[in-house]
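Notes follow the structure.
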Amino acid sequence: MTEKVLSPEQVAQVFREKFGAAVTDIRITERREGAKKNPNFNIWIDIDRSILTSAVATLIDMHFPHFSVISGMDTGEAVRLIYHFTVFYGHPGSECTVSFSVTLPKNDLTVPTISGLIPGAVFSEREKQEFLGVRVTDIPDGRRLFLPEDFPEGVYPWRKDETGLPDGMIKELWRSKRPTDRPVPPAGEKELCELPAEDAPEKEGSS
């Protein structure tokens, strides 16, 4: 692992040169925040799943990243997973996010685990298995994480197709409104807080 800090363009170039056609797209976006409007950079890299573990290993070799989460979505014909990282922590002004996007066709929802490189990723991988129906190969712990053990097999809450939640499982609590047989809880008086004299705002006309 090297401690050399790279610019977003240099990071992108490393992946272009190393993986070639397996990197299908790279986008660098910039946003500015705070009073000084310092730039923050986000690098979005679309990759083939065959290079996922190698891409993460390459990122680790640059600078061991902070892993945030794997986000996922049903895009209709496929399921897209996005692996979110941040690199160059400890180098003020140089931190940037790197997000690997992998698109899986619904007839082959398999992806390799990255937990051998980033052990904490297993929790996010387990979540994607139970909510999107993705099969993470070689995952060291494939148990459910959020859904109960008696939750129906083959039903995935985040899917938008026939494998998503059936109507009978959806509870539209917003329709129930407030029960009419319960009294409205009384709203207590709000306690006013007095500011110290030196912090109190000046009255108009005072000097």
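What fraction, in whole percent, of alpha-carbon pairs in the stretch 111-154 exceed 14 Å separation? That tail contains 41 percent of the Cα-Cα pairs. Treating r as the C-beta distance of Gln10 and Ala35 and R0 as 35 Å, the FRET efficiency rounds to 0.80.
Using the Karplus relation 6.51 cos²θ - 1.76 cosθ + 1.60 with θ = phi - 60°, the per-residue 3J(HN,Hα) values for the stretch 81-86 come to 10, 10, 9, 9, 10, 10 Hz, with x marking Gly and Pro. Working note: Karplus 6.51/-1.76/1.60 with θ = phi - 60° gives the stretch 144-161 the couplings 5, 10, 10, 7, x, 5, 8, 5, x, 5, x, 10, 10, x, 8, 7, 9, 9 Hz, where Gly and Pro are set to x. Grouping the Cα pair distances of the stretch 8-175 into 5 Å bins from zero gives a pair-distance distribution of 1, 8, 16, 19, 17, 14, 10, 8, 5, 2, 0 percent in increasing distance order. Using Cα pairs closer than 8 Å and at least 6 residues apart in sequence, work out the relative contact order for the chain, in percent. RCO, the chain: 14 percent. Can you work out the Karplus-derived ³J(HN,Hα) for every residue in the stretch 32-49? Use 6.51 cos²θ - 1.76 cosθ + 1.60 with θ = phi - 60°, whole Hz, and x for glycine or proline. Calculated HN-Hα couplings, in order: 10, 10, x, 5, 7, 6, 5, x, 10, 10, 10, 10, 10, 10, 8, 10, 6, 4 Hz.
Ranking Met62, Met73 by Cβ neighbours within 10 Å, fewest first, what do you get? If you can, show how the numbers build up before the last one.
Details: Met62 20, Met73 14.
Lowest to highest Cβ neighbour count: Met73, Met62.
Panel order for Tyr83, Tyr156, by other beta carbons found within 10 Å of each beta carbon, from fewest to most: Tyr156, Tyr83.
The numbers here are math on the coordinates, done by the rules we state, and not lab data. Predicted, not measured: the structure shown is a model, and the values here were computed from it. As a convention, Cβ positions derive from the backbone with ideal geometry for all residues, glycine included, and neighbour counts pool all protein chains shown.
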